[in-house]
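The values are calculated or read from the model by the stated rules, or taken from the named source; none is laboratory data. All values reported here derive from a predicted model rather than from experimental measurement. Because the Cβ atoms are built from the backbone with ideal geometry, glycine has one as well, and the counts that use them run over all protein chains shown.
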Amino acid sequence: MSVEDSLVDIVAEHEDPTTAWEALRALYQNGDPSMVLFVTNQLNQIKLSEEGLMEDYLNKARELKNKLAALGELVSDRVLVQAVLNGLPRSYEYIIPTLTHSALFPTFDRISVVLLTEHHRLQHQKLHLGDEETLLVQFRRGSQLSTRGGRHLYNSGR
């Protein structure tokens, strides 16, 4: 079992696992209003950067939902979906209408599949775009070097 970085100090204050567990349980079972507000705010402000990993982003959203549930604050799938869609970068703006303009509001599981697929497609596209740009630069350099005085010089590989 692992402990989140934010909880390490609480666990470190206790000498044995039983008292550390009791402290953690008390923290989450109280449904401390300030903790509920803090975690709710984290969920509402969750953002994916253009360079971020979709898997990490979706896992963080799920983790925040689970933290709120442990605090006694249930988060509906609709609220979770809205938070995730609101935190997407501009490169995903075009996919939001596709996800939300259907008769049924999409579930978190449904948008997760679509967003992961789209993330992998965009990553693949960026990789190949980089390759194409490199080839174009090499081609342009080759064209500049092979033209001298109005004559084209051809390299036959010798």
- Note on the structure: All conditions in (1) more than 30 Å from L115 (Cα to Cα); (2) among the charged types (D, E, K, R); (3) touching a His at 6+ places or on another chain (Cβ under 9 Å) are true of D32 except (3)
- If you go through L88, L80, L116, the only one that is outside any helix (DSSP H, G or I) and among the hydrophobic types (A, V, I, L, M, F, W, C) is L88
- Query: Could you give every pair whose Cβ atoms fall below 6 Å, whose first residue belongs to the stretch 81-92 and is basic (K, R), and whose second residue is loosely packed, with under 15 Cβ neighbours inside 10 Å, counting only separations of at least 6 or pairs across chains?
  - Reply: none
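Do we have L99 as closer than 22 Å to R62 by Cα and either at pLDDT 90 or above or not in a helix (DSSP H, G or I) (or both) here?
Taking the combined requirement at face value, the residue does not satisfy it.
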- Item | Qualifying position, being outside any helix (DSSP H, G or I) and either out of contact with any helix residue (DSSP H, G or I) (no Cβ under 6 Å at 6 or more places or on another chain) or of a type outside the set (V, I, T) (or both), among E63, E51, E55 | E51
- Query: Would you call E73 in a loop (DSSP other than H, G, I, E, B), of a type in the set (D, E) and within 30 Å of A23 (Cα to Cα)?
  - Reply: yes
- So A103 clears everything in (1) buried (at least 18 other Cβ atoms within 10 Å of the Cβ); (2) over 18 Å from L7 (Cα atoms) except one condition, right? Which one? (1)
- Kindly check whether there is at least one residue in the stretch 120-136 that is at pLDDT 90 or above and either over 30 Å from P33 (Cα atoms) or not in a loop (DSSP other than H, G, I, E, B) (or both). yes
- Hits in the stretch 12-48 - residues which are within 21 Å of V75 (Cβ to Cβ), assigned to a loop (DSSP other than H, G, I, E, B) and not aliphatic (A, V, I, L, M): N30, G31, D32, Q45, K47
